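Chemist: Below you will find the structure I want to go over with you.
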Amino acid sequence: MAQLKIPVDTQRFTKGLTWKDYMAQMGDTRARTEDNYAKSVLTDEERKFFSGISQVRYALMLAENWCGDVHRNSPLIAHVCEAMQGCELRVFLRDQNADLRDTFLNNGYQSIPVVVFFDKDWNEVGRWIERAHAATAKSALIRAKTLDVAPKDQQDAAMAEFRKQVTAEYAVPGFPLWRAAAQEVRLVLEQRLGLTAKK
């Protein structure tokens, strides 16, 4: 199967924001993302796995400051990239990079965050989009009890309650939603790199 032509190379990649620069430009959403970065550290077992990956040279992330899934999940991705030896992460703002946005759609949707892993020759190793499947299921349950049942004139309050409850799910002891996300990224890399899971 022919490799999809990715509109990125080393020259363009270097124009992306480092994680530190991305955090610096966030404004009023920075504190939330920094808090999640402090909480979403990898477990010893996750760190051991990702530190054993040497084939991923570049990680490209699409993000926007206003997106809740970005605040919640981009910090975990940053930890994954930091753990992989020789992996460089750059963040691109989705709405300023339409060609990248359109290359990495999520079943036709412009979901974020998107993280795409590449080898040294810019072959795509794998991608992970938006949030863990477990988080999507939790969000759907919360939405059904808040936004979906709220009258039109109470949608703002329902949205606030929805966000509050989703945030609470990420704070559950042991951080199961971040563990699920780390596991999904691990599976993508294991499958694409031909690694076998060590029991």
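Chemist: Does segment 1-18 include one or more residues that are within 22 Å of A180 (Cβ to Cβ) and buried (at least 19 other Cβ atoms within 10 Å of the Cβ)?
Modeler: The answer is no, given that none of the residues of segment 1-18 is within 22 Å of A180 (Cβ to Cβ) and buried (at least 19 other Cβ atoms within 10 Å of the Cβ).
Chemist: Follow-up. Look through segment 119-130, keep the residues that are modelled with pLDDT under 95 and in contact with a helix residue (DSSP H, G or I) (Cβ under 6 Å, 6 or more places away or on another chain), and return whichever of them is nearest to N73 (Cα to Cα).
Modeler: Looking at residues that are modelled with pLDDT under 95 and in contact with a helix residue (DSSP H, G or I) (Cβ under 6 Å, 6 or more places away or on another chain), I get E130.
Chemist: Can you run down the residue pairs with Cβ atoms below 7 Å, 6 or more apart or on separate chains, where the first is in segment 139-159 and of a type in the set (K, R) and the partner is in a helix (DSSP H, G or I) and surrounded by 12 or more Cβ atoms within 10 Å (Cβ to Cβ)?
Modeler: R143/F162
Chemist: For T18, indicate whether it is β-branched (V, I, T) and more than 18 Å from S111 (Cβ to Cβ).
Modeler: Values: β-branched (V, I, T): yes; more than 18 Å from S111 (Cβ to Cβ): yes.
When the stated conditions are applied, T18 passes them.
Chemist: So which of S54, S74, S40, S139 is in contact with a Gly (Cβ under 9 Å, 6 or more places away or on another chain) and of a type in the set (G, A, S)?
Modeler: When all the criteria are applied, what remains is S54.
Chemist: Among the residues of segment 145-198, which ones are outside any helix (DSSP H, G or I) and under 20 Å from the mean Cα position of the chain (by Cα)? Quick ask: steps written out before the conclusion?
Modeler: Of the residues in segment 145-198, the ones outside any helix (DSSP H, G or I) are 146, 150-151, 171-175, 194-198.
Once the filter is applied, which keeps residues that are outside any helix (DSSP H, G or I) and under 20 Å from the mean Cα position of the chain (by Cα), segment 145-198 yields A171, V172, G174, F175.
Chemist: Considering only residues that are among the acidic types (D, E) and touching a residue at least 12 places away in the same chain (Cβ under 8 Å), look in segment 35-79 and name the one that is nearest to F13 (Cα to Cα).
Modeler: Among them, the one singled out is E64.
The values are calculated or read from the model by the stated rules, or taken from the named source; none is laboratory data. Treat the numbers as computed from the prediction; the structure is a model and nothing was measured. Quick reminder, even Gly has a Cβ in these numbers, built from the backbone with ideal geometry, and neighbours come from all protein chains shown.
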